[in-house]
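Input: a single structure, listed below in structure tokens.
The values are calculated or read from the model by the stated rules, or taken from the named source; none is laboratory data. Because the structure is predicted, anything quoted here is derived from the model rather than measured. A quick note on method: Cβ atoms are made from the backbone with ideal geometry, for glycine too, and the neighbour counts reach across all protein chains shown. Keep in mind that these areas ignore ligands, DNA and RNA; they rest on the heavy atoms of the full protein, side chains included. Shrake-Rupley method; radii C 1.70, N 1.55, O 1.52, S 1.80 Å.
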Amino acid sequence: MRFRPNRSGINSLMKNPEVGREVERIAGRIASSAESATGGEFKTDAALGARRWRAAVIGNYQKHNDAEGTRSALLRGMDGA
């Protein structure tokens, strides 16, 4: 027996408003966890794209030249979420 995913069902699910709220919630948890780890300021952005909900955590503007610190804070934030 071969597994065949229901692509139209999956695609419609990825555009569902409930999925969008969950994506935003998880991005918010990552941002707050990263903020608590570094004391910096992290923001989120979420939007429905052409194919699915997407979210980004944009981070740590207080440390302008510390890309590695921001990266490690986001990774710790993802672990914490």
Quiz prompt | Residue in segment 64-81 that is modelled with the lowest pLDDT, counting only those that are of a type outside the set (Gly, Ala, Ser) and surrounded by fewer than 16 Cβ atoms within 10 Å (Cβ to Cβ) | solution = His64
Exercise. Test each condition in (1) closer than 24 Å to Ile58 by Cα; (2) in a helix (DSSP H, G or I) for Gly9 and report the one that comes out false.
Key: (1)
Practice problem: State which residue is surrounded by the most Cβ atoms within 10 Å (Cβ to Cβ) when the search covers only segment 1-20 and only residues that are free of Cβ contacts under 8 Å to residues at least 12 places away in the same chain and among the hydrophobic types (A, V, I, L, M, F, W, C). | Solution: Leu13
Quiz item: Looking at (1) modelled with pLDDT under 65; (2) under 27 Å from Leu13 (Cα atoms); (3) open to solvent by 50 Å² or more (accessible area, probe 1.4 Å), can you tell me which one Tyr61 breaks?
Solution: (2)
Quiz item: Going through segment 42-58 one residue at a time, which ones are over 12 Å from Ile30 (Cα atoms) and surrounded by 13 or more Cβ atoms within 10 Å (Cβ to Cβ)?
Solution: Ala46, Leu48, Arg52, Trp53, Arg54
